[in-house]
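The values are calculated or read from the model by the stated rules, or taken from the named source; none is laboratory data. Given the structure is predicted, the values throughout are model-derived calculations rather than measurements. Cβ sites come from the backbone with ideal geometry, for glycine too, and all protein chains shown count toward neighbours.
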Amino acid sequence: MSFEIENGQIVSIVGKNGSGKSKLFHVLAGFMNPELGSIQVANQETALLSESEHAACRLNYFGFIFQKFQLMPVLTAFENMKLPLKLKGIPNTERQMKRH
């Protein structure tokens, strides 16, 4: 499989159970390495990234909603959604404005 996702593009991956959707997301996020081929994000080969570089890649390039929610239980759903903005250093007033 080969595909490109342009900056700002929103993509949904749909398919039958067991078709590899979750595995694709885990490979894209850097939680797993591809068995064959390669993944490039912003012209960088992801297999060469350290764990901290993978974390920065996820923060800067991806927005995931996993089937088994990876939420912080002490935060509300909205606070969980704002967490990546906080990690990027966006001030709270601007994070609040992004709600609308």
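Of the candidates 74, 27, 41, the single residue that is modelled with pLDDT of 80 or more, of a type in the set (A, V, I, L, M), at negative phi and exposed (fewer than 12 other Cβ atoms within 10 Å of the Cβ) is 74. As a summary of the residue check, residue 56 satisfies the conditions (1) in contact with a Lys or Arg (Cβ under 6 Å, 6 or more places away or on another chain); (2) under 28 Å from residue 96 (Cβ atoms); (3) of a type in the set (Gly, Ala, Ser) except for the one numbered (1). Is one or more of the residues making up the range 63-82 outside the structural domain of residue 93 (by TED's automatic domain parsing) and touching a Gly at 6+ places or on another chain (Cβ under 8 Å)? No, the conditions are met nowhere in the range 63-82.
Of all residues in the range 23-48, those satisfying the criterion of being more than 16 Å from residue 63 (Cβ to Cβ) and not aliphatic (A, V, I, L, M) are 23, 33, 34, 35, 37, 38, 40, 43, 44, 45, 46. Here no helices (runs of 4 or more DSSP H) wholly within the range 1-98 include at least 1 residues being among the small types (Gly, Ala, Ser) and touching a Pro at 6+ places or on another chain (Cβ under 7 Å).
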